[in-house]
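Peer 1: Pasting in a structure now, in structure tokens, and then I'll have a few things to ask.
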Amino acid sequence: MLFPPASCARLIVKIGSALLVDPDGAVRRDWLAGIAADVAERTKAGQQVAIVSSGAIALGARRLGLPRGGRASLEDAQAAAATGQIALSQTWAEVLAAEGLTAAQMLVTLDDLEDRRRYLNAAATLGRLLQLGTVPIINENDSVATAEIRFGDNDRLAARVAQAAGAQGVVLLSDIDGLYDRNPAQPGAVHIPEVARIDARIAGMADDGSASGMGSGGMVSKLAAARIACGAGVALAIASGRIERPLSTPARHTIFLPEKRTGARKAWLAGRLTVRGTIHVDAGATRALAGGRSLLAAGAIQIAGRFVRGDVVAIEGPDGIIARGLAEYDAAEMLLLLGRRSEEQEALLGYAPRSALVHRNHMALL
Ligand code: GLU
């Protein structure tokens, strides 16, 4: 069996557009039937599987005769997604039904997973669907998501869904069988079977853009997904779907090993894609944070962005972003406190200050 080990109770499988839709724009039904058979085998063995399915835009574009695969404008993409999604869901429902499985559809926007309350709500729905034995088919709600609030690629969406579902593994099936040390089109490119840590060297191997021109993925978004998944203690594999029954056929792939599981709240913070602002801090504060301390006003130099108490902010040291956390103050109040010691703060604020700008319990180091 390709991935993951049998111990993985919940698995998220992401399927890229190029695998779902052939170059003429028709659904690759036989291949999908193979995936449904794979999923049926896994569910019989006790594994719960959810599928993050792309392909709505590619499919809808073909049906509507839109240029550039439906990606010429946001309006086109939204119309294509609305048209393609219904056909896609129908196909999934049919191929899964043929295996005796029930499909359930969940369309989510970035905000559904970035807002803590909505995230918990979506997570509860997903958990219940899996408990009930359905196979959730998940996609971004592209017909309503605007450019600013989109995931834009289903790789990161799959990693976030894995986190929400409490899954132990994610498989990204696409037209590539893993990470190479350089663009695989270049001569001498070497396949990397396993990545224990996504450092600058690994990040440098990624090449942007999707090979098929159909999806929006590419290796950069796959690495971003691996970061989110591994940071949340979830293993992630990149494998090729250019074979029949890819979930039950051993084949070459790259596996990204999970980091130690952090608390769910911190993992959610670290995996967020959007922040409301940034707090710039000095080298002393950077060291204190790395040592597990809270961020005090004395070490803060500048802030950027408009945020209110409770919003997620990035914390940036002299060498780049080091953490993400929940702001204890609105931006305007925080501005008054920059560089100030605790004993000076009450006079500036007019009330007793909080213990930190960002408390260590509400902070995730990156
Ligand atoms: N959500 C998009 C779709 O269904 C695909 C995004 C991606 O290419 O990853 O067409």
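All of the numbers you see were taken from the coordinates with simple rules; none came from a lab. Just so we're clear, the structure is a prediction, and the values are computed from it rather than from any experiment. With ideal geometry, Cβ positions are generated from the backbone for all residues, glycine too; neighbour counts draw on all protein chains shown.
Peer 1: Counting only other residues whose beta carbon sits under 12 Å from that of Pro23, what net charge do I get with K and R as +1, D and E as -1?
Peer 2: Summing Lys/Arg as +1 and Asp/Glu as -1 gives -1.
Peer 1: Additional query: Run the numbers for Lys44 and Arg242: contour at 0.36 nm per residue of separation, minus the present Cα-Cα distance, in nm.
Peer 2: Fully extending the segment from Lys44 to Arg242 adds 68.8 nm.
Peer 1: Here is a further query. Please turn the phi angles of segment 91-100 into ³J(HN,Hα) values with the Karplus equation 6.51 cos²θ - 1.76 cosθ + 1.60 (θ = phi - 60°), one per residue in order, whole Hz, x for glycine and proline.
Peer 2: Ordered by residue, 3J(HN,Hα) equals 4, 4, 4, 5, 5, 6, 4, 4, 9, x Hz.
Peer 1: Considering the options Ala81, Ile322, Thr278, tell which one lies farthest towards the positive end of the dipole of the chain, charges being +1 on Lys and Arg and -1 on Asp and Glu at the Cβ, about the Cα centre.
Peer 2: Ile322
Peer 1: So what's segment 1-91 giving for Cα Rg divided by 2.2 N^0.38 Å, two decimals?
Peer 2: Normalised Cα radius of gyration, segment 1-91: 1.24.
Peer 1: I want to verify the translational diffusion coefficient of the chain in µm²/s; compute it with Stokes-Einstein, Rh as the Kirkwood radius over Cα pairs, at 37 °C and 0.692 mPa s.
Peer 2: It comes out at roughly 152 µm²/s.
Peer 1: Another question, if that's okay. With contacts defined as alpha carbon pairs under 8 Å and 6 or more residues apart, what's the relative contact order of segment 16-163 in percent?
Peer 2: Dividing the mean separation by the residue count of segment 16-163 yields 25 percent.
Peer 1: Based on the alpha carbons, how large is the Rg to Rh ratio for segment 74-192 when Rh follows Kirkwood?
Peer 2: Ratio of gyration radius to Kirkwood radius: 1.02.
Peer 1: Any idea how far apart Ala124 and Asp282 come out in nm if each label point goes 7 Å out from Cα toward Cβ?
Peer 2: 4.6 nm
Peer 1: I want to check the label-to-label distance for Glu344 and Ala304. Put each point 7 Å from Cα in the C-beta direction and report it in nm to one decimal.
Peer 2: 2.4 nm
Peer 1: Given a Förster distance of 51 Å, report the FRET efficiency between Ile86 and Ala290 from their Cβ-Cβ distance, rounded to the nearest 0.05.
Peer 2: Rounded to the nearest 0.05, the efficiency is 0.55.
Peer 1: Asp30 to Ala352: extension gain in nm, 0.36 nm per residue of separation minus the Cα-Cα distance?
Peer 2: Separation in residues times 0.36 nm, less the Cα-Cα distance, equals 109.3 nm.
Peer 1: Report the local net charge at Asp282: Lys and Arg +1, Asp and Glu -1, summed over other residues whose C-beta lies under 12 Å from its C-beta.
Peer 2: In short, -1.
Peer 1: To the nearest Å, what is the center-to-center distance of segment 119-168 and segment 292-366, using C-alpha atoms only?
Peer 2: 31 Å
Peer 1: Where is the GNM fluctuation largest for the chain (alpha-carbon springs, 10 angstrom cutoff): Ile176, Ile198, Ile51?
Peer 2: Highest fluctuation of the listed residues: Ile198.
Peer 1: Related question: Pairing the Cα long axis of helix 154-165 with the longest principal axis of the chain, what angle in degrees results, from 0 to 90 and rounded to the nearest 10?
Peer 2: The helix 154-165 is inclined about 70 degrees to the chain.
Peer 1: Pulled fully out, how much extra length does the chain show between Leu366 and Leu132, if you take 0.36 nm times their separation in residues and subtract their Cα-Cα distance? Walk me through the numbers before you get to the answer.
Peer 2: Details: separation 234, 0.36 × 234 = 84.24 nm, distance 3.55 nm.
So the extension gain works out to 80.7 nm.
Peer 1: For Arg182, what residues show an amide H to amide H distance below 5 Å, using hydrogens built from the backbone and excluding near sequence neighbours?
Peer 2: For Arg182, the qualifying residues are Val190.
Peer 1: So what's segment 214-366 giving for Cα Rg divided by 2.2 N^0.38 Å, two decimals? Could you put the intermediate results ahead of the total?
Peer 2: Details: Rg = 19.5 Å, N = 153, 2.2 N^0.38 = 14.9 Å.
Working it through for segment 214-366, the quotient is 1.31.
Peer 1: Once amide H atoms are placed 1.01 Å from N in the peptide plane, what residues at a sequence separation of 5 or more from Arg10, or on another chain, have their amide H within under 5 Å of its amide H?
Peer 2: Gln48, Gln168, Gly169
Peer 1: Note down the nm distance, to one decimal, between modelled labels 7 Å out along Cα→Cβ at Glu94 and at Arg265.
Peer 2: 4.8 nm
Peer 1: Amide H to amide H, which residues 5 or more places from Arg28 or on other chains are under 5 Å from it, using H placed in the peptide plane?
Peer 2: For Arg28, the qualifying residues are Val21, Asp22.
Peer 1: Restricting to DSSP H runs of at least four residues, report the calculated mean residue ellipticity at 222 nm for the chain, -39500 (n - 2.57) per run over all residues, nearest 500 deg cm²/dmol.
Peer 2: Numbers: 13 runs with 134 residues, N = 366.
Taking each H run of at least 4 residues, the total per residue is -11000 deg cm²/dmol.
Peer 1: To the nearest 10 degrees, how steep is helix 116-131 against the longest Cα principal axis of the chain, on a 0 to 90 scale?
Peer 2: 30 degrees
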